[in-house]
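Visitor: One structure, as structure tokens, below. Some questions next.
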Amino acid sequence: MTEHARDLYLDLMKRVLTNLIYRDAAIQTFEYEGEAGVDARLLGRDWPSVAHTMVGLKRLDNLQHCVETALADRVPGDLVETGVWRGGSSIFMRAVLRAHGDTTRRVWVADSFQGMPEVGPKSHEVDREMRLHEHNGVLAVSVDQVRANFERYGLLDDQVRFLPGWFKDTLPTAPPGPLAVIRLDGDLYESTTDALENLFPRLSPGGFVIIDDYAIPACRDAVHDYRDRNGITEPINEIDGTGVYWRNSHAHRLSQELATR
């Protein structure tokens with residue numbers, strides 16, 4: 001695939017995944033302070049009724065940047081998303097691999113496929129306040145539906161692996177090898193912590209961490225608590241007012257944890 005054809009394909013994928021083509025109605029829209037009049041779909045500020053992702057165009061642009069940089073720099077490892085909803089971001093990662101002719105890396109699709117877990121009395125205060133499990137009528141998407149969504153784009157193959165279950169149960173042993181990009185979209189403190197504790201030690205030098213819901217205080221607290229505990233000092237870069245990312249600039253001592261598991 002030529003560079004021009006690749007750019008056209010990936011641009012169209014992003015517009016179809018966010019449904020900027022037909023503009024389906026939003027189930028719910030979120031507006032942050034000072035954002036009156038912004039395009040909710042560009043910034044991922046709505047729950048679409050039809051589109052296969054709710055992350056918005058700017059976060060897909062960032063995802064493309066991270067994956068393509070990892071490929072260009074030959075950062076070893078697979079790609080993983082924790083919390084996939086209808087599968088759009090994971091589908092896009094597979095599309096980037098296809099566009100670049102990468103036939104060796106896998107995309108790991110990790111989700112409960114049951115929606116958000118119920119929070120208990122010991123959960124983070126903001127987790128309890130949000131009560132996201134009450135929205136599982138929208139947030140719960142079955143693994144069969146996500147598989148079907150991959151198939152609609154012609155992207156369901158052996159390079160796509162599904163990890164159904166709660167992160168604390170599935171992530172300690174999978175993915176088994178090194179990782180080049182980890183995209184975390186668990187919203188809650190516990191979900192974000194489970195993903196970081198199990199996946200960051202596997203992140204290759206030069207790999208990327210993407211935090212989709214950094215604007216949510218519980219998620220942000222989980223990120224900073226983990227970074228502080230483990231001496232992670234790489235700068236955090238903002239994407240669109242909601243998501244952030246950073247790059248693992250060197251071989252971190254946390255990789256030694258794998259040898260003790």
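Just so you know, all these numbers are worked out from the coordinates, no wet-lab data involved. Remember, predicted model here, so these are calculated numbers, not experimental data. Neighbour counts are summed over all protein chains in view; Cβ atoms, including those assigned to glycine, are modelled from backbone coordinates with ideal geometry.
Visitor: With each label point set 7 Å from Cα along the Cα-Cβ vector, what nm distance links Leu8 and Glu31?
Guide: My value for the distance between the label points is 3.9 nm.
Visitor: Using the Cα atoms of the range 61-110, I'd like the radius of gyration and the largest Cα-Cα distance, Dmax, both in angstrom.
Guide: Every Cα atom of the range 61-110 included, Rg and Dmax give 10.2, 30 Å.
Visitor: When the helix-only estimate is applied to the chain (DSSP H runs of n ≥ 4, each -39,500 (n - 2.57), divided by the residue count), what is the mean residue ellipticity at 222 nm, nearest 500 deg cm²/dmol?
Guide: Using -39500 (n - 2.57) per qualifying helix, the result is -11000 deg cm²/dmol.
Visitor: Something else about it: Given Cβ point charges of +1 (Lys, Arg) and -1 (Asp, Glu) and nothing else, what value in debye, to the nearest 20, does the dipole of the chain about its Cα centre take?
Guide: That gives the chain a dipole magnitude of about 720 debye.
Visitor: Only sites in a loop by DSSP and with at most 15 other Cβ atoms within 10 Å count here; which chymotrypsin sites (Phe, Trp or Tyr not before Pro) in the range 1-84 make the cut?
Guide: When the chymotrypsin sites (Phe, Trp or Tyr not before Pro) of the range 1-84 are filtered for loop state and at most 15 Cβ neighbours within 10 Å, Tyr22, Phe30, Tyr32 remain.
Visitor: Another question about this same structure. Can you tell me how much longer the chain between Ala140 and Val50 gets when fully stretched, taken as 0.36 nm per residue apart minus their C-alpha distance, in nm with one decimal?
Guide: Between Ala140 and Val50, full extension yields an extra 31.0 nm.
Visitor: In the neighborhood of Gln159, defined by Cβ-to-Cβ distances under 12 Å, what is the net charge if each Lys or Arg adds +1 and each Asp or Glu adds -1?
Guide: Neighbourhood net charge equals +1.
Visitor: Here is a follow-up. Report the percentage of all Cα-Cα pairs in the range 38-128 whose separation exceeds 16 Å, rounded to a whole percent.
Guide: Counting every Cα pair in the range 38-128, those more than 16 Å apart make up 62 percent.
Visitor: Which three semi-axes in whole Å describe the equivalent ellipsoid of the chain, each the square root of 5 times a Cα gyration tensor eigenvalue, listed largest first?
Guide: So the three semi-axes of the chain are 25, 24, 18 Å.
Visitor: If packing is taken as the mean number of other Cβ atoms within 10 Å per residue, what is the order of 172-182, 68-78, highest first?
Guide: 172-182, 68-78
Visitor: Any chance you could tell me what percent of the C-alpha pair distances in the range 193-233 go past 13 Å?
Guide: 56
Visitor: Here's a follow-up. Just the number, please: percent antiparallel of the DSSP beta bridges in the chain, rounded to the nearest 5.
Guide: 30
Visitor: Please grab the % of Cα pairs in the range 139-198 that end up more than 16 Å from each other.
Guide: Here the long-distance tail beyond 16 Å is 54 percent of all Cα pairs in the range 139-198.
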